[in-house]
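Below is one structure; the comments refer to it alone.
The values are calculated or read from the model by the stated rules, or taken from the named source; none is laboratory data. Only a predicted model underlies this, so the values are computations on that prediction, with no experimental measurement involved. Positions of Cβ are backbone-derived with ideal geometry, glycine not excepted, and every protein chain shown enters the neighbour counts.
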């Protein structure tokens, strides 16, 4: 019987998808599902929901336990085979609000701020020490478990486990799965494709669709033609916009489509959110402050969803395309499965740093998750990835080594931040963010630092 521990189980919708999927896998029918969270109400809601699913879809075969707070964390982790991580340290309030509002005072605008940019740096700083603490406890009570990370920033959180512990880890994102079909649907070609094949590699949220074919026929020339035409029309004054404008424009200039959305991509590069060129925001349909709006909508939506999920005695589930259950199933049965995963580079992409986390095709079987060799990316794509990895690696260094100077270095090197602000201003902004997030002790006391209550952990 496998044991699956879910960290951040109060994320009820996501828990339903991952754990509901697991219940529908024959190899995981009788799994022990251990739920962990620091919010008693949300933990209770998730447990009730999953107990209903277990009864309605799994004949009650799974064992479900709930574990609240740090005092019960080791019990949740003990003897686990798989640890699914879906935590958000600091939540929407206060942390996400701080990540947006303080940079805004300095004229630095963001869209999502969960991966790169100044918001991504500070999300790394407050998340990495927490997941490393999880991993250190796993070394004691479940040293052979696989850590399945769904928490952003994907590269740095996965990297924190990889570089800060001996625990096996893979980072999992949604964008790779839907990239090729989503692109074809956007340009009106999906219905005409019979034998779709594609190849993707790069880093999380900035991986590249390197190849896309139909029965061996290269689809890129027609995709590029249609994408360029759509953008020419959409950029006209008063024209209707679409949500892929930055990705299409990057494809036109750099030759390849980016896996992640335009609102993400806008803040990963220095070309789009520019105070001296405010017209770009409207021209390319860039949704500034998008993530806070999503958070507010999600909080409001949960008021309705909680009744639908928690209070519904007839609740059922259909297996999703999330990788989590398929990875666990492949490892339990030794039937291979291919995923797009985030793993330590170690020579997989030969023109990116070996110590970075990269996103590549991976084979999963009883031996775990094995990344596949890519070789060199086209140099212009590798160069764009490196500008992001500079930030990932320096912010990870700041988090793991309690090094305040590395916080500044990460911010200095961030493409968007450095394109907008001078060095002294960046440093001042970082100091204000460190104070607002109550991180000063983290850099003064090192490992003796006590996590602030505002982080919610």
Failed item in (1) at negative phi; (2) surrounded by 15 or more Cβ atoms within 10 Å (Cβ to Cβ); (3) touching a residue at least 12 places away in the same chain (Cβ under 8 Å); (4) more than 20 Å from the chain's Cα centre (by Cα), with residue 378 passing the rest: (2)
Meets criteria (under 14 Å from the mean Cα position of the chain (by Cα) and outside any helix (DSSP H, G or I)) for residue 79: no
So residue 66, is it crowded, with 24+ Cβ neighbours inside 10 Å, in contact with a helix residue (DSSP H, G or I) (Cβ under 7 Å, 6 or more places away or on another chain) and assigned to a strand (DSSP E or B): no
Which numbered condition residue 12 misses (of (1) modelled with pLDDT under 95; (2) in contact with a helix residue (DSSP H, G or I) (Cβ under 7 Å, 6 or more places away or on another chain); (3) closer than 18 Å to residue 127 by Cβ): (3)
Residue 453 being more than 23 Å from residue 211 (Cβ to Cβ), modelled with pLDDT under 95 and exposed (fewer than 14 other Cβ atoms within 10 Å of the Cβ): yes
In the range 1-38, residue nearest to the chain's Cα centre (by Cα) [restricted to those that are touching a residue at least 60 places away in the same chain (Cβ under 8 Å) and within 14 Å of residue 302 (Cβ to Cβ)]: 14
Pairs, first without any contact (Cβ under 8 Å) to a residue 12 or more places away in the chain in the range 429-454, second surrounded by 11 or more Cβ atoms within 10 Å (Cβ to Cβ) and assigned to a helix (DSSP H, G or I), C-beta under 7 Å, six or more apart: 440/434; 450/441
Qualifying position, being within 27 Å of residue 110 (Cα to Cα), crowded, with 18+ Cβ neighbours inside 10 Å and touching a residue at least 12 places away in the same chain (Cβ under 8 Å), among 418, 395: 395
Hey, residue 321 within 30 Å of residue 199 (Cα to Cα), in contact (Cβ under 8 Å) with a residue 60 or more places away in the chain and touching a helix residue (DSSP H, G or I) at 6+ places or on another chain (Cβ under 6 Å) or not: yes
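Which is without any contact (Cβ under 8 Å) to a residue 12 or more places away in the chain and more than 21 Å from residue 272 (Cβ to Cβ), of 146, 77, 190?
Sole residue among the options that is without any contact (Cβ under 8 Å) to a residue 12 or more places away in the chain and more than 21 Å from residue 272 (Cβ to Cβ): 190.
Residue-by-condition table, conditions (1) at pLDDT 95 or above; (2) farther than 24 Å from residue 449 by Cα:
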| site | (1), (2) |
| --- | --- |
| 103 | yes, yes |
| 140 | yes, no |
| 164 | yes, no |
| 175 | no, yes |
| 178 | no, yes |
| 209 | yes, yes |
